[in-house]
Structure formats: C-alpha cells, structure tokens
1. Hey, any hits in the range 132-145 for a residue that's open to solvent by 60 Å² or more (accessible area, probe 1.4 Å) and free of Cβ contacts under 8 Å to residues at least 24 places away in the same chain?
2. What number of residues in the range 34-50 are of a type outside the set (Val, Ile, Thr), touching a Leu at 6+ places or on another chain (Cβ under 9 Å) and surrounded by 14 or more Cβ atoms within 10 Å (Cβ to Cβ)?
3. Does any residue of the range 115-130 turn out to be in contact with a Pro (Cβ under 9 Å, 6 or more places away or on another chain), open to solvent by 20 Å² or more (accessible area, probe 1.4 Å) and not in a helix (DSSP H, G or I)?
4. Taking the range 103-114 on its own, how many of its residues are among the aliphatic types (A, V, I, L, M) and open to solvent by 40 Å² or more (accessible area, probe 1.4 Å)?
5. Please determine, by comparing only the residues of the range 8-33 that are more than 18 Å from Glu72 (Cα to Cα) and open to solvent by 60 Å² or more (accessible area, probe 1.4 Å), which one is modelled with the lowest pLDDT.
6. Met187 passes all but one of (1) closer than 26 Å to Val108 by Cα; (2) touching a residue at least 60 places away in the same chain (Cβ under 8 Å); (3) open to solvent by 30 Å² or more (accessible area, probe 1.4 Å); (4) not small (Gly, Ala, Ser); which number fails?
7. Out of all the residues in the range 173-184, which are open to solvent by less than 70 Å² (accessible area, probe 1.4 Å) and without any contact (Cβ under 8 Å) to a residue 60 or more places away in the chain?
Amino acid sequence: MPQLARLDGRLARSARTRRAVVDALLDLLGQGDLRPTAARIAQRAGVSIRLVFHHFADLEEIYSELADRQAERVKPLTVPIAASIPLARRIERFSAQRGRLLETLSPVRRAAVLTEPFRPALARRLKHARDFTRAATLAAFAPELSKLAADERRATIAALDVATCWVAWEQMRRHQGLSETDARAVMATTIRALLTTKK
C-alpha cells in the first residue's frame with residue numbers, strides 16, 4: 001500500500017506540473033505573447049525548463065495538450081441549434097453562440113495560426129475544429145440549404161463557412177475595430193442575406 005500511495009502521489013504531481021505548464025502557455029498567449037519560448041513558459045509555470053521537457057517531449061506536445069484543453073473549455077459554447085426554430089431566431093441564436101465561441105478562442109487561435117504550419121499535431125486539431133464548426137453551421141441551416149440546387153448550395157455553404165469562421169471574426173474585431181456585439185450583428189446580417197435572398 002505505501003508503494004501504491006507513492007505512485008499515486010507521483011502521478012498527481014505529474015498531472016499538476018503538466019497542467020501548470022499548459023496554464024502558463026494559456027496565460028502568455030492571452031497576454032499577447034504569440035510565440036512564447038520554453039524558457040518563458042517554464043518561468044510562468046514556476047518550474048525549470050528541464051522539468052518542462054521531462055513531462056513533455058517537445059513544444060508541439062504542449063500545444064497539442066493546449067488544443068485539447070481548449071476543446072473541453074469551449075464545449076459548453078457549442079450547443080446544437082434546432083433546425084425547427086424559425087430562421088430569424090436561429091440566425092440570432094447562432095450568431096450569438098458562434099460569436100462567444102470565436103471570442104473565447106481568439107487569444108489561442110492567433111498563436112495557433114502562426115505555428116500551425118510547423119506543428120502537424122496542432123494542425124490536425126485545428127482542422128478538426130474547423131470541420132466541427134462548419135458541420136454545426138450546416139446543421140443549423142439545413143432546411144434552407146436543402147432547398148437549393150446543388151451548385152447554389154455548394155456556393156452558399158462556402159460563403160456561410162467564410163462568414164462564420166474565426167478569420168472573419170478576427171477581421172471584424174481586430175482590423176475593423178468592431179465591438180463583439182457589432183461583430184455578431186454583422187455575422188447575422190451576412191447569414192440572413194445568404195439565406196433569405198434565394199429564389
């Protein structure tokens with residue numbers, strides 16, 4: 001039993017250290033340090049660089065765990081929107097939910113965009129996230145999309161994907177200087193135009 005207790009203690013300490021390192025990376029990204037070094041991550045976590053790389057094989061593994069943590073963190077922000085709700089209310093709910101999601105993701109996503117080409121594991125997770133949000137968009141507006149001819153449906157889906165993705169959100173929030181509320185309104189206006197002007 002004492003040996004089992006020691007093992008449990010080591011596992012608990014290991015989990016705490018891993019969490020501290022990922023939390024440190026999250027903090028640095030949230031403060032605008034988009035490419036933090038291992039040394040800065042270790043300093044923020046209050047551990048040595050040697051200990052960081054004792055628990056993680058490399059920086060890519062830290063970013064991969066960060067991506068997993070982000071996925072868990074934003075799960076409550078991705079509640080399916082019933083397609084049976086009238087379109088106007090669906091657009092309103094969808095834009096509010098997607099806006100909250102993208103706003104929450106922004107600090108980490110800015111860094112992820114810079115490192116994605118060099119970190120295959122992170123790139124896979126980001127692709128999964130994009131596929132997930134795209135599927136959520138299609139599900140929310142399935143009734144309207146199903147009425148379109150194949151070519152028009154493909155074009156509308158592509159336009160919806162662009163209008164509701166993080167890149168568009170970043171353009172509105174960071175480059176156009178819109179408030180979160182105004183950015184949601186622009187998203188809703190774009191969705192409405194795409195779905196209600198069809199013959």
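The values are calculated or read from the model by the stated rules, or taken from the named source; none is laboratory data. Everything numeric in this text was worked out from a predicted model, so none of it was measured. Positions of Cβ are backbone-derived with ideal geometry, glycine not excepted, and every protein chain shown enters the neighbour counts. These area figures cover heavy atoms from the full protein model, side chains too; ligands, DNA and RNA do not enter into them. Shrake-Rupley method; radii C 1.70, N 1.55, O 1.52, S 1.80 Å.
1. Within the range 132-145, not a single residue is open to solvent by 60 Å² or more (accessible area, probe 1.4 Å) and free of Cβ contacts under 8 Å to residues at least 24 places away in the same chain.
2. Step one: of the range 34-50, the residues of a type outside the set (Val, Ile, Thr) are 34-36, 38-40, 42-46, 48, 50.
Now narrow it down to the ones that are touching a Leu at 6+ places or on another chain (Cβ under 9 Å): 34-36, 38, 40, 42, 44-45.
Going one step further and asking which of them are surrounded by 14 or more Cβ atoms within 10 Å (Cβ to Cβ), we end up with 34, 36, 38, 40, 42, 44-45.
So the count comes out to 7.
3. From the range 115-130, those in contact with a Pro (Cβ under 9 Å, 6 or more places away or on another chain) are 123; that's our starting set.
If we keep only those that are open to solvent by 20 Å² or more (accessible area, probe 1.4 Å) as well, we get 123.
Restricting the remaining residues to those that are not in a helix (DSSP H, G or I) gives none.
For the range 115-130, residues in contact with a Pro (Cβ under 9 Å, 6 or more places away or on another chain), open to solvent by 20 Å² or more (accessible area, probe 1.4 Å) and not in a helix (DSSP H, G or I): absent.
4. In the first step, residues of the range 103-114 are kept if they are among the aliphatic types (A, V, I, L, M); the result is 105, 108, 111-114.
Retained after the next criterion (residues that are open to solvent by 40 Å² or more (accessible area, probe 1.4 Å)): 113-114.
The number of residues fulfilling the criteria is 2.
5. Initial filter on the range 8-33 (more than 18 Å from Glu72 (Cα to Cα)): 8-14, 17, 28, 31-33.
Subset that is open to solvent by 60 Å² or more (accessible area, probe 1.4 Å): 8, 10-11, 13, 31.
Values: Asp8: 57, Arg10: 71, Leu11: 72, Arg13: 82, Gln31: 84.
Going through the qualifying residues, I end up with Asp8.
6. It is condition (3) that Met187 fails.
7. Those that are open to solvent by less than 70 Å² (accessible area, probe 1.4 Å) and without any contact (Cβ under 8 Å) to a residue 60 or more places away in the chain: Gly177, Leu178, Ser179.
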